[in-house]
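**Q** My questions will all concern the structure given below.
The values are calculated or read from the model by the stated rules, or taken from the named source; none is laboratory data. None of the values given here were measured: they were computed from a predicted structure. Glycine also receives a Cβ, built like all others from the backbone with ideal geometry; neighbour counts cover every protein chain displayed. Side chains are part of the model used for accessible areas, which takes the heavy atoms of the whole protein and leaves out ligands, DNA and RNA. Shrake-Rupley method; radii C 1.70, N 1.55, O 1.52, S 1.80 Å.
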Amino acid sequence: MAEIICVIGNKGGTGKTTLSHMLCQGLGLLGQRAACVLTDTTREPLVPAGRRYLIADARTRDSLTKVVDKLRTLDDWIGVIDGGGNRTEMDRKLYALSDIVLLPFRESHEDIRTVLRDLEMFPRAYAVPTQWPHNAWQREAADRTVAQLLGAYRHRILRPVNALSASKLLLQKRVPEQLPSPLSNACRAVARQVLEVLEIDFADHGPDDEGDDIAERLPAAEMPLRLTQGARRSH
């Protein structure tokens, strides 16, 4: 039976969609079979060809139920549901069907106050600092603010995902034939954390010094048919 991860949160602009795709890409790089499930009606489905994960369109209530039900029948798969922002009732629904929840937040006080409320609301949730600054002074200030405001939940805060401009490549309609090494490494790092939380064993054989070549991505033949209408075999 597949594990279901939901990426949700009451504030928009925290990087839920980016985190969802980075996680799925990282899972693929670590040899896991993953599907990124779209529920945000303001977004269009991305082309699955060439990715290390499947794309599932679940923007209606019926399609979400069908996709989740299908995933639950699949062994050794992980479904990552991009919940979108500012949808409290949808967040509650997704939380109810998930195994774990990820709550991305940025370094602003507004984001931190919002994720604090979400951590209180969703006991199975983990907060994920996203777009975290590289600058040593800025990072120290951001870490200090998190420690002050979220100290009571420090055991439910994952390691930060640093700001990375290349992450937008995963949100293009079609991914480039080769992805840069820093992006692949960041995706692996996110996936490692989540697999550790889920207590799923994995082998990391991916090269850290080379780009992610399209020729090495998950063969379409290994993907289940009819998980979503957007998924097709490539020849």
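**Q** Hey, could you check the stretch 190-214 for residues that are modelled with pLDDT of 55 or more, assigned to a loop (DSSP other than H, G, I, E, B) and closer than 21 Å to Ser167 by Cβ and say which is most open to solvent (accessible area, probe 1.4 Å)?
**A** Asp204
**Q** Moving on. Any residue that is of a type in the set (S, T, N, Q), under 24 Å from Val7 (Cβ atoms) and modelled with pLDDT of 90 or more - is there at least one of those in the stretch 221-234?
**A** no
**Q** Continuing with the same structure: Any residue that is modelled with pLDDT of 95 or more, touching a Leu at 6+ places or on another chain (Cβ under 8 Å), within 17 Å of Val190 (Cβ to Cβ) and in a strand (DSSP E or B) - is there at least one of those in the stretch 105-124?
**A** No, the stretch 105-124 contains no residue that is modelled with pLDDT of 95 or more, touching a Leu at 6+ places or on another chain (Cβ under 8 Å), within 17 Å of Val190 (Cβ to Cβ) and in a strand (DSSP E or B).
**Q** Given the residues Leu94, Leu74, which is the only one that is farther than 18 Å from Gln25 by Cα and in a loop (DSSP other than H, G, I, E, B)?
**A** Leu74
**Q** Which number in (1) surrounded by 19 or more Cβ atoms within 10 Å (Cβ to Cβ); (2) part of a helix (DSSP H, G or I); (3) in contact with a helix residue (DSSP H, G or I) (Cβ under 8 Å, 6 or more places away or on another chain) marks the one condition that Leu102 misses?
**A** Every condition holds for Leu102 apart from (2).
**Q** Here's another thing I want to ask about it. Within the stretch 1-37, can you find the residues that are open to solvent by 20 Å² or more (accessible area, probe 1.4 Å) and either among the aromatic types (Phe, Trp, Tyr) or not in a helix (DSSP H, G or I) (or both)?
**A** Selection gives Met1, Glu3, Asn10, Lys11, Gly12, Gly13, Gly15, Gly31, Gln32, Arg33.
**Q** Okay, moving on. Could you list, in sequence order, the residues of the stretch 162-186 that are closer than 18 Å to Leu30 by Cβ, open to solvent by less than 30 Å² (accessible area, probe 1.4 Å), of a type outside the set (Ser, Thr, Tyr) and in a helix (DSSP H, G or I)?
**A** If the condition is that a residue be closer than 18 Å to Leu30 by Cβ, open to solvent by less than 30 Å² (accessible area, probe 1.4 Å), of a type outside the set (Ser, Thr, Tyr) and in a helix (DSSP H, G or I), then Leu170, Leu183, Ala186 are the ones that fit.
**Q** Need pairs with beta-carbon distance below 9 Å; first residue within 22 Å of Leu38 (Cβ to Cβ) and within the stretch 173-184, second acidic (Asp, Glu) and loosely packed, with under 14 Cβ neighbours inside 10 Å; sequence gap 6+ or separate chains.
**A** These pairs meet every condition: Lys173/Glu44; Leu179/Asp213.
**Q** If the Cβ limit is 6 Å and pairs must be 6+ apart or interchain, which residue in the stretch 6-25 that is more than 17 Å from Ala58 (Cα to Cα) pairs with which residue that is hydroxyl-bearing (Ser, Thr, Tyr) and in a loop (DSSP other than H, G, I, E, B)?
**A** Gly15/Thr130; Leu19/Thr130
**Q** Only one of these is within 16 Å of the chain's Cα centre (by Cα), of a type in the set (Asp, Glu), within 16 Å of Asn10 (Cβ to Cβ) and surrounded by 20 or more Cβ atoms within 10 Å (Cβ to Cβ): Asp82, Asp40, Asp118. Name it.
**A** Asp82
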